[in-house]
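Here, each number is a calculation from the coordinates, and none is a lab measurement. Keep in mind the model is a prediction, meaning the values are calculated, not measured. Here Cβ is always computed from backbone atoms with ideal geometry, including for glycine, and neighbour counts include all displayed protein chains.
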Amino acid sequence: MVKKSKAPKKGNKNVKTSKKSKSVTGSEICRTPASLNGIFRPRSVAVIGASSTKLTIGRQILHNLIQGEFQGKVFPVNPRAEVIHSIKAYPSVMDIPDQVDLAIIIVPREHVVRVTEECGQKGVKGIVVISAGFKEAGGKGIELEQKVVAIVRRYGMRMIGPNCFGVVNTEPGVSLNATFGKTFPKRGNIAFVSQSGALGEAIMVHAQEAHLGFSMFASIGNKADISGNDLLEYLAEDPSTEIILMYIENFGDPRRFIRIARELSRTKPIVVVKSGRTVQGARAASSHTGALAGLDVGADAFFEQTGVIRVDTVEQLFDVASALSQQPIPKGRRVMIATNAGGPAILATDSLVSQGLETPQLSAATKKKLQATLPPEVNFSNPLDLIAGAGPKEFEKALKILNADRNYDAIIPIFVPPITVNPSDVSQAIVNGTKGRKKTILSCFMGVQSGSEGVEVLKENGMPVYRFPDAIGNTLERLVWYSDWLKRPPGAIHIHEVNDAKVRKIIKKAETAGQSEIVGAEALEIVAAYGITTAKYFSAKSVDEAVKVAGKVGYPVVMKVDSPRILHKTEVGGVAVDLRTESEVRECYAKMEKKVEGHEKASEFSVVLQKMIRGGVETVMGMTLDPTYGPLIMFGLGGVFVEVMKDVSFRVCPVSDVTAGRMIESIKSYPLLAGFRGSKPVDKEALVSGLMRLSQLVNDFDEFSEIDINPFIASSKKGESCVVDARFLLRKKA
């Protein structure tokens, strides 16, 4: 929720403008989510490049359309065949006498431009280009793809691909399987969007083994026209889709994704595998903020703010999807383990606790009920060890009691089958013991094959089954994170009254002088112009002037070398604190001047002095530009701690009040700010305000490449928190 907004700045690349055309055809046709119906809900499909040769893509796609019982008309297109798969074939799409909604294109890349033109002339609404060799191949492929896109836009068509696996819609009135896979997914409530076509068949098979059903599937390939964002908007309106899974390699428009996903995540969970967790290209970063943003922090911040559940692997993607599609979202993080094996229970406990989940002990009332129904050898604790010989009766009795206990949000039954117990009977006991459940139930069957009868009983009854306890720990942690995110208020982005004219003047002065950065008094003036309190800052170019300034400021004082060439002043002895007398100021000035020889010319040496601020905690705020996600706002412990501990959090700009609060609370050293061992908590509101004002500054001015506000002294007293130093790096002009 935005309380107040400004008109977009001219030249802002994130703001798109459009003009209405008098024509209702061609590239100006409205590209709303409904424009994708021609692809996902067609009444007729032409397979251009259909083949009668088995084990070819052209044959397999046509076969899948027929075997999947597509509810519309199918037209094979091949100039060298009269009949394919017992269906009349046509030389080209132009020869088909009926209207064609969707064309699946499977021809060599050099023919795709011509075929796309014919589809446009025919009035085809959507095309899926399976053919490869376009942008992903480079060279001529890039040029060919641009030509195809131009034709698509000119005729107002929509396109999936090129270089894709195809699309699926299991809706009974459509029943479309326009892929070249060998598996047709069962009907379900999950939509899958994959940027990788190579994963298509593996996804279909894995989903079938996990008893997961799809509402829709789309392999988007090069995303030349229809992107993941377009599909999110389409799936948001699809009543059959309740969960969205995505495999993403890159974002075309991350800002649009944020807008869509932030709203959609509140009604439909989005689970994403985002490849590329490696270091983002080597780039020189002069600020603390830039240096600390080397890893995939932009994507993590991106997903944190949108409520998107991020996982590391496709296997984890399906683990989470199984739980979301078949179980209620846990209301909290309290977990109960019931098992017949001590070792796996310990593994489960370790996994849960390491993920920040809780395993509270049995209440007296629940323990008493369990003791009345179970053998005395049972270990009545959490984990509840039912002993190795426990069978269906013990599991069912225990689970009925635990399921009624309000002290737990989730239950994990773990079963390792002894030779004397039938796994299928235990599976049915787990189902019976958790009937009418409101808790999240995730089962672990160790040493049992995935297709065994016992495992199948659980899956058929909507009970996800995992082979090892750590998979449950990872899955449950993601579900709890999402549950917590849903409970958060959306937050507001406040627009404060600021002196942006002053900032613009300082920037212009620096650019005119050819400076690459703004430091010292002018840097603090920028901070103050946006309403963040700063410590008074005085310059001195001689020892006598330093003594005079110190007397004016009032002892004790802090002295720092005043030089933009020295990035880390502490390392060269360029900072002295708690100077209490005139003699200490003179002595320190002389030592500092000598220590920085080689960095500064003698005639240019100067220092700054500030009032020594006692108490409070040093924090740091900053900004760095991510090549994909744009400006990232950073918060952490300041001073030397930011270099040693690297305990920081990042979020994508702009940040709301709720997001700013989460940034502060998410660092590991937050207890130092909240009050630790008797110390008073700092003024958190001042930090939240500082982060939001920094975010507004970054949003208003795109001239900055990196910002360090360090340290920001967070005081326990209202109105006494302030910025001591700051540094702004300017973008290099092209």
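Can you compute the FRET efficiency between Val577 and Ser354 using 1/(1 + (r/R0)^6), with r the Cβ-Cβ distance and R0 = 45 Å? Round to the nearest 0.05. Walk me through the numbers before you get to the answer.
Working: r = 40 Å, r/R0 = 0.89.
Once the sixth-power term is evaluated, E becomes 0.65.
By how many nm would the segment from Asp253 to Ser92 grow when fully extended, if each residue of separation counts as 0.36 nm and the alpha-carbon distance is taken off?
54.4 nm
Taking the mean number of other Cβ atoms within 10 Å as a proxy for protection, how do you rank 212-221, 119-128 from highest to lowest?
So the order, starting with the most tightly packed, is 212-221, 119-128.
Rounded to the nearest 0.05, what FRET efficiency is calculated for Arg488 and Glu69 with R0 set to 45 Å and r the Cβ-Cβ distance? Numbers along the way, then the final one.
Numbers: r = 44 Å, r/R0 = 0.99.
The computed FRET efficiency comes out at 0.50.
Mind listing the phi-derived Karplus ³J(HN,Hα) values for the range 139-152, rounded to whole Hz, using 6.51, -1.76 and 1.60 with θ = phi - 60°, and x for any glycine or proline?
x, 4, x, 5, 5, 5, 5, 4, 5, 4, 4, 4, 5, 4
Report the GluC sites (Glu not before Pro) located in the range 372-418 that are in a DSSP loop and have at most 15 other Cβ atoms inside 10 Å of their Cβ, or state none.
Passing sites in the range 372-418 are Glu377.
When N counts the residues of the range 323-487, how does its alpha-carbon radius of gyration compare numerically with 2.2 N^0.38 Å, as a ratio?
For the range 323-487, the normalised Cα radius of gyration comes out at 0.94.
Looking only at Cα atoms, what is the convex hull volume of the chain per residue, in Å³?
Looking at the chain, the number lands at 197 Å³ per residue.
How many percent of Cα pairs in the range 584-728 exceed 26 Å?
When every Cα pair of the range 584-728 is considered, 34 percent fall beyond 26 Å.
Explain nothing, just compute: Karplus ³J(HN,Hα) = 6.51 cos²θ - 1.76 cosθ + 1.60, θ = phi - 60°, for every residue of the range 519-530 in order, whole Hz, x for Gly and Pro.
10, x, 4, 5, 5, 5, 5, 4, 4, 5, 4, 9
Taking the beta-carbon count within 10 Å as an exposure proxy, list Met592, Met612 from fewest neighbours to most. Mind showing how you got there, number by number?
Details: Met592 21, Met612 17.
Ordered by Cβ neighbours within 10 Å, fewest first: Met612, Met592.
Which whole-angstrom value gives the distance between the alpha carbon centres of the range 228-252 and the range 624-638?
The range 228-252 and the range 624-638 have Cα centres separated by 27 Å.
Starting from the Cα-Cα distance between Asn699 and Asn407, subtract it from 0.36 nm times their residue separation and give me the gain in nm to one decimal.
Roughly 100.6 nm would be gained on extension.
Distances over 28 Å make up what percent of all Cα-Cα pairs in the range 27-249?
Values: 5185 of 24753 pairs.
Result for the distance tail: 21 percent.
Helix 423-433 against the longest principal axis of the chain: what's the angle in degrees, Cα atoms only, rounded to the nearest 10?
70
Highest mean first, what order results for 188-197, 551-560 on Cβ atoms within 10 Å?
Working: 188-197: 23.0, 551-560: 17.0.
With the highest mean Cβ count within 10 Å placed first, the list reads 188-197, 551-560.
How about the range 58-125: which GluC sites (Glu not before Pro) there are in a DSSP loop, with at most 12 other Cβ atoms within 10 Å of their Cβ?
Sites meeting the loop and neighbour criteria: Glu69, Glu82.
Under the rule a/c < 1.5 gives rounded, and otherwise a/b versus b/c splits prolate from oblate, where does the range 395-535 land using the Cα gyration tensor?
It comes out prolate by the Cα gyration axes.
When the chain is fully extended, how far beyond the present Cα-Cα distance does Ser452 get from Ile142, taking 0.36 nm per residue of separation?
This chain segment gains 106.7 nm when fully extended.
If you take every DSSP beta bridge whose two residues both sit in the chain, what share of them, in percent to the nearest 5, is antiparallel?
50
So, R0 is 25 Å and r is the distance between the beta-carbons of Glu597 and Lys509; what FRET efficiency does that work out to, to 0.05?
The computed FRET efficiency comes out at 0.25.
Taking the mean number of other Cβ atoms within 10 Å as a proxy for protection, how do you rank 319-329, 145-155 from highest to lowest? Show your work: numbers first, answer last.
Numbers: 319-329: 21.5, 145-155: 18.7.
Packing order, densest peptide first, comes out as 319-329, 145-155.
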